[in-house]
Amino acid sequence: MPSDESTVSPTDVETHNGDRAPGAYALGRAIIAPLARMIYRPRLEGRENVPLTGPVILASNHLSFIDSIVIPVAAPRPVQFLAKAAYFEGTGFRGWLSRTFFTSIGANPVRRGAGQAALDALEQQRQLLEDGRAIALYPEGTRSLDGRLYKGRTGVAFLALQTGALVVPVGIIGTDKVLPKGAKVPRLTPRVTVRFGEPLDLSSHGSAESGRARRLATDEIMAAIHALSEQELAGEYNEVPAQTPIEKIKRALPHERR
């Protein structure tokens with residue numbers, strides 16, 4: 001896949017509804033993106049595959065915390081993603097610095113968890129798409145600690161089928177070497193590769209209310225990510241091992257992982 005090193009000024013990119021990127025994010029992209037490219041010299045492939053307007057989901061594999069920084073830096077348009085609300089709630093200088101940084105890279109605060117928290121996060125993402133924005137999501141749900149690509153959960157497909165958003169598969173290579181789990185400071189020597197695949201229109205799979213449609217659409221997304229990331233397939237969901245007999249029974253029963 002040929003490398004595309006073209007750039008788009010953040011102040012020139014508009015969202016679907018005509019609103020320019022928020023000032024803090026535009027400033028962050030103007031500073032962070034060129035700096036990161038200069039230091040890490042990432043290989044960027046297929047940036048022309050990302051539509052510059054309209055609702056888009058960038059669906060990526062997930063290897064490191066910095067994936068959520070790498071994707072907005074690499075993408076040719078503003079990209080937003082959800083981050084823990086705790087990053088925005090600190091006090092004093094450190095709290096201000098954390099809020100400013102995460103706002104500048106396109107993060108939106110969200111309460112994580114199951115039940116109502118999960119529904120609120122889904123609604124927040126749906127609203128961003130209906131506003132014509134681009135969002136980044138990880139179908140695996142959480143970072144892969146062994147480098148394999150795990151089965152995708154159906155939340156990304158649900159949002160795409162519900163909103164009509166295109167899905168651009170993304171394959172990230174090398175971020176787990178730059179910032180492994182537990183590391184505090186990124187390494188400077190490894191080079192990261194970010195590959196943007198061709199947009200997927202998932203509408204042919206059916207309605208968002210259909211479990212079969214969501215599963216088939218998710219499998220198509222994960223196959224595209226696999227082709228880009230070239231990871232070994234895990235063949236299972238990436239989840240913390242069940243701790244209680246009840247949790248083990250629940251996981252043994254057939255159900256859909258959102």
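What follows is calculated from the coordinates using simple rules that are stated; it is not laboratory data. Quick caveat: nothing in here was measured; it's all calculated off a predicted structure. Every residue, glycine as well, gets a Cβ built from its backbone with ideal geometry; the counts of neighbours run over all protein chains shown.
With only the Cα atoms considered, the range 28-86 has a convex hull volume of 118 Å³ per residue. What FRET efficiency, computed as 1/(1 + (r/R0)^6) with R0 = 30 Å and r the Cβ-Cβ distance, is obtained for Leu52 and Glu239, rounded to the nearest 0.05? Approximately 0.25, to the nearest 0.05.
Taking label positions 7 Å along the Cα-Cβ direction at both Glu209 and Glu232, the computed distance is 4.3 nm, reported to one decimal. In whole angstrom, the range 132-235 maps to an equivalent ellipsoid with semi-axes of 28, 14, 12, each derived as √(5λ) from the alpha carbon gyration tensor and ordered largest first.
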